[in-house]
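Written out below as structure tokens is the structure these notes cover.
The values are calculated or read from the model by the stated rules, or taken from the named source; none is laboratory data. None of the values given here were measured: they were computed from a predicted structure. Every residue, glycine as well, gets a Cβ built from its backbone with ideal geometry; the counts of neighbours run over all protein chains shown.
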């Protein structure tokens with residue numbers, strides 16, 4: 001019996017209810033010990049600023065490395081990198097402003113997320129299967145045949161396509177024009193299907 005194999009894709013969007021922000025701070029010195037000491041002093045204002053209800057420090061990563069210029073060691077740099085997860089998105093503008101005022105080495109985000117993508121993923125899977133069926137029906141019609149039952153379905157993956165923004169103390173920095181309102185998160189699915197032709 002002849003078969004036809006098609007691929008289908010589905011995509012749905014949901015408004016983000018979580019956000020992830022990455023921020024890092026550095027300290028420099030002539031030795032590794034001096035760099036770590038300088039970093040430690042920098043973090044004196046950073047750690048308290050992150051203690052916000054609805055915001056979790058998901059990870060802290062410390063790195064210490066040497067600096068080289070023209071094959072000469074010129075010092076050392078210590079860096080602490082934080083990944084923050086926002087369960088309360090109303091806290092995002094204020095905390096971004098306060099962290100920016102502390103002059104981070106890096107401030108990246110927000111990366112918009114969903115707390116639970118189950119329903120969105122199932123809807124995307126249904127759309128992918130429909131897409132694969134419509135394509136198969138088109139080929140069957142072109143061949144003067146009818147589409148028979150589904151023989152095989154293989155999930156080809158999918159997942160999140162979060163929208164993101166990127167930003168390149170004293171009083172908090174004004175972030176009122178940075179558009180920190182929650183955005184849509186795309187959830188996708190792709191499948192490969194095999195159908196009998198009648």
Taking the range 58-95 as the search range and keeping residues that are loosely packed, with under 13 Cβ neighbours inside 10 Å and in contact with a helix residue (DSSP H, G or I) (Cβ under 9 Å, 6 or more places away or on another chain), which one is modelled with the highest pLDDT? 62
Please verify whether residue 158 is touching a helix residue (DSSP H, G or I) at 6+ places or on another chain (Cβ under 8 Å) and assigned by TED's automatic domain parsing to the domain that holds residue 4, treating the condition exactly as stated. yes
By residue number, the members of the range 1-28 that are closer than 23 Å to residue 92 by Cβ and in a strand (DSSP E or B) are 13, 14, 15, 18, 19, 20, 21, 22, 23, 24, 25
How many residues are surrounded by 15 or more Cβ atoms within 10 Å (Cβ to Cβ) and more than 27 Å from residue 87 (Cβ to Cβ) if we restrict to the range 27-57? 9
Qualifying position, being touching a helix residue (DSSP H, G or I) at 6+ places or on another chain (Cβ under 8 Å) and within 15 Å of residue 195 (Cα to Cα), among 114, 143, 147, 102: 147
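Among residues belonging to the range 29-57 that are in contact with a helix residue (DSSP H, G or I) (Cβ under 7 Å, 6 or more places away or on another chain) and assigned to a strand (DSSP E or B), point out the one that is farthest from residue 114 (Cα to Cα).
Restricting attention to the range 29-57, the residues satisfying the condition of being in contact with a helix residue (DSSP H, G or I) (Cβ under 7 Å, 6 or more places away or on another chain) are 29, 49, 52, 54-55.
Okay, now just the ones that are also assigned to a strand (DSSP E or B), so 29, 55.
Working: 29: 41, 55: 15 Å.
Among those that are in contact with a helix residue (DSSP H, G or I) (Cβ under 7 Å, 6 or more places away or on another chain) and assigned to a strand (DSSP E or B), it is 29.
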